[in-house]
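Worksheet for the structure shown next.
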Amino acid sequence: MKISENVPIANLTTIKIGGPARYVIEVESLDDVLEAWRFANKRGLNIFILGDGANVIGRDEGFKGVILQNKMRGIESSYDENGTFLVRGMGGEKWDDIVEFACQSGYSGIEAMSAIPGTLGAAPVQNIGAYGQDISQVIEDVEVFDLLTQQFVTLSKESLGMGYRRSIFNSGETKGRYFIIAVTLRLRSGNLTPPLYASLQDYVNRHGVTDLSPASIRRMVMEIRASKLPDLAVEPSAGSFFKNIYLTDADADTVEARGVQVWRKPGENKVSAGWLLEECGLKGQVFHGMRVSEKSALVLINQYAKTYEDLARARYEIQQIIQTKFGLVLEQEPVEVPLQWKFWTARS
């Protein structure tokens, strides 16, 4: 277990913004989890849990508690009594390494989520998804350390409350309560069946692809993402910055009448946040040091912003442009390291 003091959150996140964290503890084992909890509890400090920081933004004031970084590694697989392929990965594993392992093993269920940055432990927190797949479709269970009861428990998929970019890990009274130890996914043999997600199907049609195996889908998705999304190592960002908007049938009819494009399917009406930004001509525009990506309007690149205040001003101005033109309110997707946080350690 490695303990560091006064670490800039900007150094822990891919968007490179945020003041100092009082302590950062790198957790590599189950024993480390308990020791880290005791460390924070003894000092009466709040805990914030972090993976690779790919979907996280720090505030200028920093965090006066303990950030726990999940560095637990390991991947194993098995078959259940029905012959279903189960993959269990530790929370600190790179998400894309899990996808690569599954695809190399020839199993389907997460191949369209290739090249999403971050850790496996972070994946169920916001129910990551891409190109028609999301983790809620394949998750079996999540092993966690409960910071409130100081117990290691396994949560079933039914108890996770997963929705669009939502779970019990990032919403409600249980937000921040659980340190994710490991995640088990239930995958299947076979290939995806056309029609695929629109942009993926378009790629298949344009290139005459006939191989829809998990490995082939992974290759196509990685190529599509590389063409649309900036390289985090070169251009700092938090990935997709705004959430898509989901509407009732009546609201969808209303915004369509105002010229907004709505993607409809039974039980779901979606307005693409990226489409709204493009329609307002925001690609390439810079707001307080944050640039709307030329490749994907959904991504805000930190071109020269130094502070959270820069980001907040950029976010507000972009939201105002969208609301003025379309009457719709964009909501930020990345989570923020909070100034105030629920105290999940035991007060003495």
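Read-outs throughout are calculated quantities, based only on the coordinates presented, and are distinct from any laboratory measurement. Being a predicted model, the structure only gives us computed values, none of them experimental. Cβ sites come from the backbone with ideal geometry, for glycine too, and all protein chains shown count toward neighbours.
For the chain, set up a Gaussian network in which alpha carbons nearer than 10 Å are linked by springs, and say which option among S199, S171, S272 fluctuates the most. Residue with maximal mean-square fluctuation among S199, S171, S272: S199. Residue exposure proxy: I168, I181, I9, ordered by other Cβ atoms within 10 angstrom of their Cβ from fewest to most, comes out as I168, I181, I9. Using only the Cα atoms of segment 101-254, build the gyration tensor, take square roots of its eigenvalues as a ≥ b ≥ c, and label the shape rounded, prolate or oblate: rounded if a/c is under 1.5, else prolate if a/b is larger than b/c, else oblate. The shape class here is prolate.
The distance separating the Cα centre of segment 227-251 from that of segment 43-81 comes to 22 Å. For G18, nonlocal amide neighbours, meaning residues 5 or more places apart or on other chains whose placed amide H falls under 5 Å from its own, are A10, Y308. Here each label is just a point 7 Å from Cα along the line to Cβ, and for E223 and S4 those points are 3.8 nm apart. Cross-link reach is defined here as a Cα-Cα straight distance under 26 Å, omitting same-chain residues fewer than 8 places apart; for K16 the lysines meeting it are K2, K64, K71, K94, K175, K228, K243, K283, K295, K306, K342. A cut-off under 15 angstrom between Cβ atoms defines the neighbours of Y246, and their net charge, with Lys, Arg +1 and Asp, Glu -1, is -2. Derived scalar couplings between HN and Hα for segment 170-177 equal 10, 8, x, 5, 9, 4, x, 7 Hz in order, rounded to whole Hz, by the Karplus curve 6.51 cos²θ - 1.76 cosθ + 1.60 (θ = phi - 60°), x for Gly and Pro. Considering only I318, V87, A273, and ranking their Cα positions along the charge dipole of the chain that arises from unit charges at the beta-carbon of Lys, Arg, Asp and Glu, the one farthest toward the positive end is I318.
Among H207, H288, what is the fewest-to-most ranking by other Cβ atoms within 10 Å?
Ascending Cβ contact count within 10 Å gives the list H207, H288.
Near G58, once Lys and Arg are set to +1 and Asp and Glu to -1 for all other residues with Cβ below 10 Å from its Cβ, the sum equals -1. If R0 is 22 Å, the Cβ-Cβ spacing of Q319 and V286 corresponds to a FRET efficiency of close to 0.85. Seen from K306, the other residues with C-beta closer than 11 Å to its C-beta sum to a net charge of -2, counting Lys and Arg as +1 and Asp and Glu as -1. Sorted fewest first by neighbouring Cβ atoms within 10 angstrom, Y203, Y304 come out as Y304, Y203.
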